[in-house]
1. Could you check how many residues of segment B:126-159 are touching a residue at least 40 places away in the same chain (Cβ under 8 Å) and among the charged types (D, E, K, R)?
2. Filter segment A:561-574 down to residues that are more than 8 Å from chain B (Cβ to nearest Cβ) and under 18 Å from B:M132 (Cα atoms), then give me how many there are.
3. Given the residues A:A300, A:A370, which is the only one that is part of a helix (DSSP H, G or I), within 12 Å of chain B (Cβ to nearest Cβ) and touching a residue at least 40 places away in the same chain (Cβ under 8 Å)?
4. Looking only at segment B:269-302, count every residue that is crowded, with 21+ Cβ neighbours inside 10 Å, of a type in the set (A, V, I, L, M) and within 14 Å of chain A (Cβ to nearest Cβ) and tell me the total.
5. Find the residue count for segment A:472-494, including only residues that are surrounded by fewer than 18 Cβ atoms within 10 Å (Cβ to Cβ) and in a helix (DSSP H, G or I).
6. Which of the residues belonging to segment A:92-106 are under 12 Å from A:A68 (Cβ atoms) and among the polar types (S, T, N, Q)?
7. State yes or no: is A:R347 without any contact (Cβ under 8 Å) to a residue 24 or more places away in the chain and farther than 28 Å from B:G97 by Cα?
Amino acid sequence: MRRPALAGRIAFGAGLAGGGMSLASCIGVLAGGSTVVLTLPSGVRLFAWGVRLDPLSALFGLALGVLAVAVSIYSWGYTRDSEIQSRVGLLGFFYNLLLLSLTLVFTASNVFFFLLVWEVMSLSAYCLVSFEHEKQETRKAGTLFLIMSHGGTGALLIAFLLLSTAAGSMNFADFHLLMERLPADQTNIILLLFLLGFGVKAGVIPLHLWLPAAHPVAPSNISALMSGIVIKAGIYGLARVLFDFSGAPALWVGMLVLGAGVVCGLMGVLYALMEHDLKRLLAYHSIENIGIILIGFGAALMFRSLGRANLAALALIAGLYHTLNHAIFKSLLFLGAGSVLKGAGTRNMEELGGLIRRMPATALYFLTGATAISGLPPLNGFISEWLTYQALLAGFGTTQSLTRLMFPLAGAMLALTAALAAACFVKAFGITFLALPRSEAAATAKEGNWFMKTGMALPALVCLGLGIGAGWFVRVFDPITEQALGVKVSVQLAAGSGLALSAGAGRGGMVSPSGLAAMLVILCALPAVLLALLRRGAPCRVGPSWDCGLPGLTAENEYTATAFSKPLRMIFATLYRPRREIQAEYEVSPYYPKAIRFESEIEQSFEKRLYGPLKERVLAAAGRVRAVQAGSIHAYLAYIFVALILLLLFGARA
Amino acid sequence: MREATAVLIHLFLLLVVSPLVTGFMRWAKARLQTRQGPGILQPYWDLFKLFQKGMVIPETASWLFRATPYVVFATAVAAGLMVPMVSTFVPLSMAGGILAVVYLLGFGRFFLALGGLDTGSSFGGLGSSREMTISALAEPALMLAAFTVAIGANSTNLSEVARAAVGETWRFLAPSQVLASAAMFVVLLAETGRIPVDNPATHLELTMIHEAMLLEYSGPYLALIEWGAWVKQLLLMTLLINSFFPYGMQTGWSWAGTATGLALVLLKLTALSCCIVLVETTNAKMRLFRVPELLAASFTLGALALASTFLF
């Protein structure tokens, strides 16, 4: 006998409780600055159930905790009265498994334990992505995710083994600053393998292919977790390796990360602009934001190589702040997209519109997320972008060589990325929520239930809090920067007793998010009050929009998402290689077409030019290797014998 | 005393003088084109008239359409309060520097574009799409120009930038400053919707960018948005003037200094207006898809400005 309601209550209640506990313990660690270590021996050599909650882990745990609480509440409402409801027990199992494995990934202190929970995380994420496996799109995306994710894990495995051989230990604690003592070429190989392995999980271009495929097809509450926190496991890994295991790396490592961040941010947002599937659009924005995070990390690495610990701390804080912010607003946006999908039954923006009337609460929360991700003050996205700009600007003075031009140019590209993101979210919000509904489903859309609204309200409030309270919040990063770089900078960062942020001591730039918020409220209220007082009784009527004299505007006259992004499609045609097809049927003269069919698509360059040839090579190689598998037992016995001899020779030599 | 005067002067320039600058530009343009043109004070009469008129709100519009005029106005004025005008002292310097100014203007634009989409007419969508595209492409050039000044002053805080600029009066002749100011001038044309990027006086919907988003606004809402646009224009102009040509800006505080500072700012605004009008009169409006080339040129100027800091 199945009892989905009870299953849902237990599953998401557990998630909620777990999230709350994670939140409490992480806040404890971040406030106290102490590290919690817990190790259970396993009886197996080199392996231990080691858990260590240090400040860096606690920051990611904090993001996870907030998301777990919000998403659990939301999921409760989201799975009700939907097709997933009958299988909610299974969903809840993998959901909790994913949360648990994420918690352990952020806290594992032993190589084997880390790789074990890393795999559990990937597999439970795979099961959740393929949850609606009846659809072929979902199955394909799930497989792609599984393959790429394991490729990445392979790179990680090699890197960790090289590292632990050098350290003679499997404990993360022994890896601290280890890479400083290794020969340069060994360090380089290990670092590149880590960048590759964690880069796949984080969705760094060109390793991003799985991300826009897998995130949209998962149930929306899961998408929120995937884009919010699962890809942050890659960022956590990078932070752990780059700022804990590695000492000051060679300058090129920082330049590589910074360059990857710039490319990733720009390409991510450019591809997002061309999407009119709401969830795919959000998935591409995850790639963009990973890029912004990497810009912060890259700058921090470069400053570290140049011996500027304080600046490195500023850049690291910018990157980590953005990690936290992105976790919050991206999950908020995915939850909003989930409400739209549940309420109107489609993710295709071209069939939506006018939802702000049918779903006012969802619209408001989505708008909050959209303004936050576009970096508009005084919300949290602005703060982390501001910190990134400040770090990049200060970087100009750190060296006399030509490298210093990288910083302001990266800043300019960040400005372009942020402005394009704003354009993209004008499109995403405007087409989905404003004006007239473009389909019957959108016209009859239903607002989500109370649980879903609460689940969205929470991250929306956190967005506002992390923006306005930035001056107070930066203190949280002190233990992290002290652990990683040996400096505390929050005293210089927080100015005006927390009301403002200041970039470094003395004359650097300043910004006061709370001041800006207050100013905006006053300046909005002033004309509003004046107008209300002075114009009491003045006529204000509701009428039709200007329709050029045609009989009335319909949804067909509205701008579409495709039309909205048309100028950018033409300007960046070299990148997109757009293709379009127009077929028109005429009645009497070519000036009066009866019906027009328009089709437009852009080339998926990475799929076609990078992964296509790669796939063919791999298949061809596999075909050649197949000759080995002759099906004859004698041949197999011979293989075993040869392998044994080789191993013995190898062992004798050692 | 000093703070109060500074705020008052800022508000005076932003709210009272900004329509006058627009009026002057329209008048000068008309004279250059040997037209009679409206009087310099026409923008005031327009505002006065619009505030008294009734309004028509489109049926399709939501609360966003009604909130947009206030947001556009508030963000422009708030950004204006962070730009030095008469003296290097900026009333709300602590609230933010050049980055906050740029992002606040972005905030206003975000809502304006949403307001355009909210009307449900093709023109609104067309305007928002073009506005967001062009402003996105203008952003990196603006940032590079801003970075060049910020790096010179070692701060993104605009009062520090102005103080550094005042310290070296002839610095604007340095190649980096010339290039950066040229880059910012192009951005100014794009951001304020001037020829060759957009035509502020156009009456054909299909060629509109900024105006297309406002088509459905009427009465006081239209007045607020127009006023906000004028404030934005004034603040971008003073930003250009005071970052590169701060001659005569006072650093201390005295009544006489304030008066001369004010007079000089008005003079410089007139001169810059004349430059803009000359560009507008001698150029034709560009095709929309030629604009990216102009902005790319501006970006290159900004990059060259940065690169030339190596040499000079």
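1. 2
2. Just the residues of segment A:561-574 that are more than 8 Å from chain B (Cβ to nearest Cβ), to begin with: A:561-562, A:569, A:572-574.
Among the residues that remain, those that are also under 18 Å from B:M132 (Cα atoms) are: A:561-562, A:569, A:572-573.
Counting residues in segment A:561-574 that are more than 8 Å from chain B (Cβ to nearest Cβ) and under 18 Å from B:M132 (Cα atoms) gives 5.
3. Numbers: A:A300 fails: within 12 Å of chain B (Cβ to nearest Cβ).
When all the criteria are applied, what remains is A:A370.
4. Number satisfying all stated conditions: 3.
5. The number of residues fulfilling the criteria is 5.
6. A:N96, A:T103
7. Numbers: without any contact (Cβ under 8 Å) to a residue 24 or more places away in the chain: no; farther than 28 Å from B:G97 by Cα: yes.
No: the conditions fail for A:R347.
Residues checked against (1) at pLDDT 95 or above; (2) assigned to a helix (DSSP H, G or I); (3) in contact with a Gly (Cβ under 7 Å, 6 or more places away or on another chain):
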residue: A:Y74; (1), (2), (3): yes, yes, yes
residue: A:G77; (1), (2), (3): no, yes, yes
residue: A:D81; (1), (2), (3): no, no, no
residue: A:I84; (1), (2), (3): no, yes, no
residue: A:V88; (1), (2), (3): no, yes, yes
residue: A:L97; (1), (2), (3): yes, yes, no
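The values are calculated or read from the model by the stated rules, or taken from the named source; none is laboratory data. A quick note: this is a predicted structure, and the numbers were derived from the prediction, not measured. Backbone-built Cβ (ideal geometry, glycine too); neighbour counts: all protein chains shown.
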